[in-house]
Number of protein chains: 6
Amino acid sequence: MNILAIGAHPDDLEISCAGTLAKMKQAGHEVVLCHASTGDKGHYVIPADELIVIRKGEAQQAGELIGCPVISLGLRDGEISSEDESVKTTFIDLIRSVQPDMVITHAPNDYMPDHVAVSKLVFDTTFTATLPAFSDRFPIAKKVPALYYMDNLSGIDFQPTIYVDVTDTFETKLRMLRKHQSQLTWLKEHDHVDILGFVETLGKMRGIQAGCTYAEGFIQHMAWTRPNAIRFPV
Amino acid sequence: MNILAIGAHPDDLEISCAGTLAKMKQAGHEVVLCHASTGDKGHYVIPADELIVIRKGEAQQAGELIGCPVISLGLRDGEISSEDESVKTTFIDLIRSVQPDMVITHAPNDYMPDHVAVSKLVFDTTFTATLPAFSDRFPIAKKVPALYYMDNLSGIDFQPTIYVDVTDTFETKLRMLRKHQSQLTWLKEHDHVDILGFVETLGKMRGIQAGCTYAEGFIQHMAWTRPNAIRFPV
Amino acid sequence: MNILAIGAHPDDLEISCAGTLAKMKQAGHEVVLCHASTGDKGHYVIPADELIVIRKGEAQQAGELIGCPVISLGLRDGEISSEDESVKTTFIDLIRSVQPDMVITHAPNDYMPDHVAVSKLVFDTTFTATLPAFSDRFPIAKKVPALYYMDNLSGIDFQPTIYVDVTDTFETKLRMLRKHQSQLTWLKEHDHVDILGFVETLGKMRGIQAGCTYAEGFIQHMAWTRPNAIRFPV
Amino acid sequence: MNILAIGAHPDDLEISCAGTLAKMKQAGHEVVLCHASTGDKGHYVIPADELIVIRKGEAQQAGELIGCPVISLGLRDGEISSEDESVKTTFIDLIRSVQPDMVITHAPNDYMPDHVAVSKLVFDTTFTATLPAFSDRFPIAKKVPALYYMDNLSGIDFQPTIYVDVTDTFETKLRMLRKHQSQLTWLKEHDHVDILGFVETLGKMRGIQAGCTYAEGFIQHMAWTRPNAIRFPV
Amino acid sequence: MNILAIGAHPDDLEISCAGTLAKMKQAGHEVVLCHASTGDKGHYVIPADELIVIRKGEAQQAGELIGCPVISLGLRDGEISSEDESVKTTFIDLIRSVQPDMVITHAPNDYMPDHVAVSKLVFDTTFTATLPAFSDRFPIAKKVPALYYMDNLSGIDFQPTIYVDVTDTFETKLRMLRKHQSQLTWLKEHDHVDILGFVETLGKMRGIQAGCTYAEGFIQHMAWTRPNAIRFPV
Amino acid sequence: MNILAIGAHPDDLEISCAGTLAKMKQAGHEVVLCHASTGDKGHYVIPADELIVIRKGEAQQAGELIGCPVISLGLRDGEISSEDESVKTTFIDLIRSVQPDMVITHAPNDYMPDHVAVSKLVFDTTFTATLPAFSDRFPIAKKVPALYYMDNLSGIDFQPTIYVDVTDTFETKLRMLRKHQSQLTWLKEHDHVDILGFVETLGKMRGIQAGCTYAEGFIQHMAWTRPNAIRFPV
């Protein structure tokens, strides 16, 4: 299966679904990681242009840990607009180039506007990528993929409909997350939180709910022409 | 009563509410059919400009079967934006020209972005059409109409609050739908589905739920200054 | 149409749906009012056996105001059990004797246990009354009726799916309610509230929501073999 | 995996989940079918004691079609009580004897009281079966199984969180259902419906929603100590 | 505590939360009132430019009654866009200048598009105001504030999670509202409603629900990094 | 304020709300702890009659840590019935003897039947305790108290509407929990879980959601005649 995971910022996938992505890759699926924004506002001291380079490298290294390609869409933190035509085209090209059977992204009720915008962009363009026109860089998408929303950072207002036991890949997930050294620092400064501790706690909590040591939770978006009977592959 | 039904594409009303519209018309109400987009991307082979003409004719013929005028707003498939000021003005003019007591459109959780955008445009502009300014083509709307959402193509994640028994007009509905010959073909190619079969199945399913042979389902949008105590007229 | 309204106590129908019942009766429908309990605990001073007689008379007079029969099931306040077989049989006999097309009762999330129990009893027995056996006092019910939940006293956690404009019958509703003189007193003592004032306020509030002066709200219970496409008749 | 499916009446499983059960059995799982009631009120003419024998045979034959044992709990139609201690013990014994990893039953909002009671009994006793005491007929259950709710007859107010593609076993499902000849007749008389037609329509509808020809839908009950991360096995 | 209340139009706060704001101010908190739009379309006869001046004065006088500053963001009625970058910057500057611990605004499901847009703008910019960049007029916000949604005008589809007893400040609320003389007139003309009567009715209704004479209701938005354990301070 | 917390088993309050109870007590409120069942099935080896004595002592010691009285209702594990009249009377007597302003108990969707039954018993009897009759052991309750549901053990399907920062009392909570030595052992054996670890994880998770180190979450039950505007006192 072709699986495409799309987060707003370079470390969002590591936080919310890397254990599952690692497991999918191990099971033999093609997994592509994508972040929409460069993460340019992810630090108070390091200037944006330096930070963009640093964070691209961090994301790249995280992806390499599980042998998956990492794509950056090059947008700007805090400025992702779900109504911008050129941004929509960027997403359409992404989807057409990957031709995913399944897409994972942020839930529509996530905590900050970039996450919300990416969620809507993915919903919209996984459909419009199947229509002729909009761009001619890639052949149109052959189908509308299955769509899954990943947990938010704190698990608030998010009741999974699917739990994935990630006990075996949780250490890998943490290693991937630790690659985002610049962001771990920033989140401590900006939100006074220990992001690794958060991820550890949410992983355990979802594990308790799911009957295993560590778990990640997802909600399937149920809408027509999404192949909703496709099994979550791990 | 003045009833205005607004779908995103030329065949959306036929799919989701034509049985009810036929019944309303038979009961003596004024019913106006409107589609926002020309349906220009509704075919892989026929070029857009030819297709626009073909589909306009198809919609027109469908409307004639029940003696109702059909309005096209001339937008483009996959590009309907609920944030575009000129599109909003187009909707405001439509509403002011029809002065509806009741409006039927797509639900906010429908399956593709044009449907979602039309749903928001109708919610927004049925209110703003009553405010002075925005356009001077028509007198301002005398009231905010009642607002109803029609079913989606597959009935997914849509629990009607109102069922309409359309057993007597179901054959008319199918005849209207068959007028959209270009689209029936396209949906087979694009989504590998038999759209007539879908409509037959959903009609039966809603009928089973409602205690009759064929039914269509609707959800009333409950918000202030909508005349929520107006009875659904059929 | 045969309409049966069932409240837990002698004044519950007056509080929550009398304006609608009056309108239904005026429109030519057969309307039967029923209260499950005698209201025996509805006073601190008057002894239960006296109170039962008083309240039966009050309910009778309220029903007479709109020309509808009033049935008491003779249960005890605070002791209505939805699991008691003989109580179930009492409800089955009621339904079979009335043969309703439509039943109105308390919502499952109403504020006190008798209301909740009556709601479940009505849901259960409107179905089981159609099965052979349980009792031979009346012929079995010919069909499962449509089922509607009426508002609670304060409108809390109750979003109507149907509003009925009761502007024309609201004065009648208040007159019916005033017949329950013993209860109006008790509710002042027990809950420190002016029940007539409550009903006036809720009537206005639902009116504002519905776009008229006074309204009552209902939620239709959507379940199979209920004739969900039957129109609410007023 | 040990899978236990529990319906209220002899044909409920065939209606709502037989396609999935057949698929599970084919995939090598142990599948046990159970109905709580004898179906004794399932006919207007045939007396209860004769009917009990007939229906037991019908259920047996249906189970044989997919090679699964069929258990009847011997309760009475319309009289299943979730509060009856001896009924609870019957369910506890059932669960302990099967030791299921996964249980499928009716949803709590199903359309008639026996279905609702069975749903609660299963929720309660899948937990209490793991506690010492209550009965000593079987060793206590080793774990609380995963719990899934099956669709209702009409699909009303039921949005699946899991769809199973049953295209390959749908014909088997219909063959199983046809074994319940007495019930097919009764449902026509009692509810004026063609039960085979209903099942065909709901199967298609869920198929349209799921992106396949025929599907069945389920909702997983998310509660603690249920192994929520166990994959639905087909 | 620093509290910032943001309504779309000059009188929205008075309608939905002034009793609470008055109580907060009395309790010693800093309270800032803000309206996004000038209210320029709030009258059929008075021209926009005159009306803007009148309404600014009315809002100012209302704020003075409780000793709170009033800020107008200078937008236009019916034209507030949550996607406009310059509007976002205006909101970011507002939030940075006030540095609120808590923000109150419209709910996302309010009845007209300006309210909905303001709700989204507040959700988005209370987060992005904490990020470096976007504007350099004020220092960045030190934290993401707690976020509360206020009731809508009719209480429709709004179940408060928090009730505030405003019995003691309800008269003040009405006095504040009466300052908006131009709007009271307009709402009578435009919507045929007595806005003071509406507010009186909703205040009583929420009071009945909350167990006091007058109340206002709120829903806390639960999302991460909002300090959700901060007590509503009155 | 008089606060009454009611759990099904001797350690349920410690697990779900002891941090809040400790804080309430420190703030000067009267806090009474009650468990419905003796916990007699809480061990595989220790016989029931010995266990009852042990667990009563453990609960007593936990209560003493925060200086609160502990009441046991003497029911049996796995056998609590919300329909049993004598059990209802036991609850009515409890409520009348404590005369609480506020009650905390399990949510209706908790994970096992005793919790669900206690939740319903508390909802029912906090109302019926105010009615004359049922028992004459205590004077009737003067009012219906505010009602709050506490979190379940895993936080599954429970979105708090109120968070309490229990950072300062979390160590006390753990000390109280450690008093239930027999139960900690049993939960390890029965459910293969480290109950102290669970509580630590859930406390952190709710803390992350609430913006503090440790938190507990609650949902207020919104129903009439509950004084819903009473502030949660900590």
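Ignoring ligands, DNA and RNA, how much accessible area is buried between chains E and A, both sides summed, with a 1.4 Å probe, to the nearest 100 Å²? Don't skip to the answer; put the middle values down first.
Working: alone 10200 and 10190 Å², together 18670 Å².
The contact between A and E buries close to 1700 Å².
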Between segment C:180-222 and segment E:126-176, how far is it from one alpha carbon centroid to the other, in angstrom? 30 Å
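Test of understanding: given chain C, find the longest segment containing no trypsin sites (Lys or Arg not before Pro) that are in a DSSP loop and have at most 14 other Cβ atoms within 10 Å.
Values: sites that count: C:ARG137, C:LYS142.
The segment C:1-136 is the longest one with no such site.
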With DNA, RNA and ligands ignored, accessible area of F:THR90 (1.4 Å probe; Å², nearest 10): 50 Å²
Over segment E:2-220, consider all pairs of different Cα atoms and compute the Kirkwood hydrodynamic radius from their mean reciprocal separation; express it in Å, one decimal. 17.3 Å
Label geometry 7 Å along the beta-carbon vector: A:ASP194 inter-copy distances in nm: 1.6, 5.9, 6.2, 6.2, 6.7
For segment F:91-234, dividing by residue count, accessible area per residue (probe 1.4 Å) in Å² works out to 29 Å²
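Quick one, can you get me the convex hull of the C-alpha atoms of the protein assembly as shown expressed as volume per residue in Å³?
Values: hull volume 224.7 nm³, N = 1404.
Per-residue hull volume (Cα only) is 160 Å³.
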Distant-in-sequence amide H partners of B:ILE71 (H built 1.01 Å from N, under 5 Å): B:LEU33, B:CYS34, B:HIS35
Per-residue accessible area for B:GLU64 at 1.4 Å probe radius, Å² rounded to 10? 120 Å²
Okay, which of segment D:97-120 sit inside 18 Å, backbone N to the point 7 Å along the Cα-Cβ direction of B:GLN159? D:106-113, D:115-117, D:119-120
Threshold 40 Å², probe 1.4 Å: give the residues of segment D:146-173, in number order, that are less accessible with all protein chains present than with their chain alone. D:SER154, D:ILE156, D:ASP157, D:GLN159, D:THR161, D:TYR163
I need the inter-copy label distances for D:GLU85: point set 7 Å along Cα to C-beta, values in nm with one decimal, smallest first. 1.6, 1.6, 7.4, 7.5, 7.6
Under the convention of a label 7 Å out along Cα→Cβ, give the distances in nm from F:PRO139 to the same position in every other copy, shortest first. 5.7, 5.8, 5.8, 6.8, 8.5
Taking only DSSP H segments of four or more residues, each worth -39500 (n - 2.57), what value at 222 nm results for the protein assembly as shown once the sum is divided by all its residues, to the nearest 500 deg cm²/dmol? -13500 deg cm²/dmol
C:TRP186: accessible area at probe 1.4 Å, nearest 10 Å²? 10 Å²
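Report the net charge of residues surrounding A:PHE232, where surrounding means a beta-carbon distance below 12 angstrom and charges are Lys +1, Arg +1, Asp -1, Glu -1. Display every interim value, and only then the final one.
Numbers: positive: A:LYS23, A:ARG231, D:ARG231; negative: A:ASP101, A:ASP165, A:GLU216.
Result for the local shell: 0.
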Rank these by accessible area, largest first, 1.4 Å probe: F:GLU85, E:GLU14. F:GLU85, E:GLU14
Which pairs, out of C:LYS188/F:LYS142; C:LYS120/C:LYS204; C:LYS41/F:LYS142; C:LYS204/E:LYS41; A:LYS143/B:LYS56, put more than 20 Å between their alpha-carbon atoms? C:LYS120/C:LYS204; C:LYS204/E:LYS41; A:LYS143/B:LYS56
Whenever you get a sec, line up C:VAL118, A:VAL98, C:VAL53 from highest to lowest accessible area (probe 1.4 Å, protein heavy atoms). C:VAL53, A:VAL98, C:VAL118
Accessible heavy-atom area order of A:LEU73, E:LEU33, highest first, probe of 1.4 Å: A:LEU73, E:LEU33
To the nearest 0.05, what FRET efficiency results for F:ARG76 and F:LEU196 with a Förster distance of 22 Å applied to their C-beta separation? 0.25
Rounded to a whole %, the carbon-and-sulfur portion of the accessible area of the protein assembly as shown at a 1.4 Å probe is 53 percent
To confirm my reading of the symmetry, which residue of chain B has the Cβ nearest the axis that brings B onto A, and what whole-Å distance does it have? B:GLU83, 3
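Where a ≥ b ≥ c are the square roots of the eigenvalues of the C-alpha gyration tensor, would you call segment B:75-186 rounded, which needs a/c under 1.5, or, failing that, prolate if a/b is larger than b/c, or oblate? Before the final figure, lay out the partial values.
Working: a/c = 1.81, a/b = 1.54, b/c = 1.17.
Prolate, because a/c is 1.5 or more and a/b exceeds b/c.
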Note, segment B:69-74: 3J(HN,Hα) by Karplus (6.51, -1.76, 1.60, θ = phi - 60°), whole Hz, Gly/Pro = x, goes x, 10, 10, 10, 8, x
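The values are calculated or read from the model by the stated rules, or taken from the named source; none is laboratory data. Small disclaimer: the values here were computed from a predicted structure and weren't measured. Here the Cβ is made from the backbone with ideal geometry for all residues, glycine too, and neighbour counts use every protein chain on show. The area values use the complete protein model at the heavy-atom level, side chains included, leaving out ligands, DNA and RNA. Shrake-Rupley method; radii C 1.70, N 1.55, O 1.52, S 1.80 Å.
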